[in-house]
Amino acid sequence: MSIIESNDLHLYYGKHEALKGITMDFNEGGITALIGPSGCGKSTYLRTLNRMNDLIPSVTITGKVTYKEQDIYSPRTDIVTLRKQIGMVFQQPNPFPFSVYDNVVYGLRLEGKHSKSELDQIVEESLTAAAVWDDVKDKLHKSALSLSGGQQQRVCIARVLAVKPEVILLDEPTSALDPVSSGKIENMLLELKDEYTMIMVTHNMQQASRISDKTAFFLNGDLIEYNDTKKMFLNPGEQETEDYISGKFG
């Protein structure tokens, strides 16, 4: 059963149509990669799934996005709750200018959780799941901004994990990082993919083929192809997909 679906989703920036009727569904668990050249709509699409585009004044959206069969664009949707259930990790690490500990518990404190023993446990569990506990366990009360870029990104992932989302959206989470840090994050995502539904935008074909279960190829605001990753990379169904994967454009 699918956990998120979009149906005939169109998005306009002013008069420019950035998404042209995208219909997709995502099953529970696993990693889906969204690939395509710059400006093709993949990050825009990702941001429609937890209403991040609401923050842009000129945006108009038509069609439907449902999470667990509920219309997320309904006026009754509580956006704070939605973004807790569908967390987001951005391209650039964006820790708050607090300690590592306060970064991870930020969302929990907003929910009214203040028990130190409970928070301590969730901090350790979240940082361990984000594969960064060993790096930061002696620096919990130092600024998260003092960490390396790769460590900062994993702390940001721990911050998302701490509030127990069901879906994690990742917008090119390793593109600002060195290969070693990228590899650590890839390994961590593979470890987590049975527990969370992950949807990841990536420019990196090798990364998509290495870690995703399904891949969707976007081009000029259209969804060209959506299939199992192995099938898509070995035997794409559309000529444009083949041209992109083989490096003829992009």
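The values are calculated or read from the model by the stated rules, or taken from the named source; none is laboratory data. Keep in mind that this is a model prediction, so the values were computed, not measured. Cβ coordinates were reconstructed from backbone atoms using ideal geometry, including for glycine residues, and neighbour counts include every protein chain displayed.
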If you go through segment 147-154 one residue at a time, do you hit one that is among the charged types (D, E, K, R) and either surrounded by 15 or more Cβ atoms within 10 Å (Cβ to Cβ) or part of a helix (DSSP H, G or I) (or both)?
-> yes
One residue from 9, 34 being more than 20 Å from residue 212 (Cα to Cα), touching a residue at least 12 places away in the same chain (Cβ under 8 Å) and not in a loop (DSSP other than H, G, I, E, B) = 9
Every listed condition ((1) over 25 Å from residue 39 (Cβ atoms); (2) among the polar types (S, T, N, Q); (3) at pLDDT 95 or above; (4) surrounded by fewer than 20 Cβ atoms within 10 Å (Cβ to Cβ)) holds for residue 197 save (4)
From 215, 202, which residue is surrounded by 21 or more Cβ atoms within 10 Å (Cβ to Cβ), out of contact with any Asp or Glu (no Cβ under 7 Å at 6 or more places or on another chain) and within 24 Å of residue 246 (Cβ to Cβ)?
-> 215
Residues of segment 223-250 being under 17 Å from residue 27 (Cβ atoms) and either at pLDDT below 95 or in contact with a helix residue (DSSP H, G or I) (Cβ under 7 Å, 6 or more places away or on another chain) (or both), which ones?
-> 229, 232
What is the number of the single condition among (1) of a type in the set (A, V, I, L, M); (2) over 30 Å from residue 233 (Cα atoms); (3) in a helix (DSSP H, G or I) that residue 61 does not meet?
-> (3)
Name the one entry in 87, 112 that is in contact (Cβ under 8 Å) with a residue 40 or more places away in the chain and either within 19 Å of residue 185 (Cα to Cα) or over 20 Å from the mean Cα position of the chain (by Cα) (or both).
-> 87
Out of all the residues in segment 13-31, which are at positive phi and either part of a strand (DSSP E or B) or crowded, with 20+ Cβ neighbours inside 10 Å (or both)?
-> 21
Selected residue (only one of 209, 175 is over 15 Å from the mean Cα position of the chain (by Cα), polar (S, T, N, Q) and either modelled with pLDDT of 95 or more or surrounded by fewer than 21 Cβ atoms within 10 Å (Cβ to Cβ) (or both)) | 209
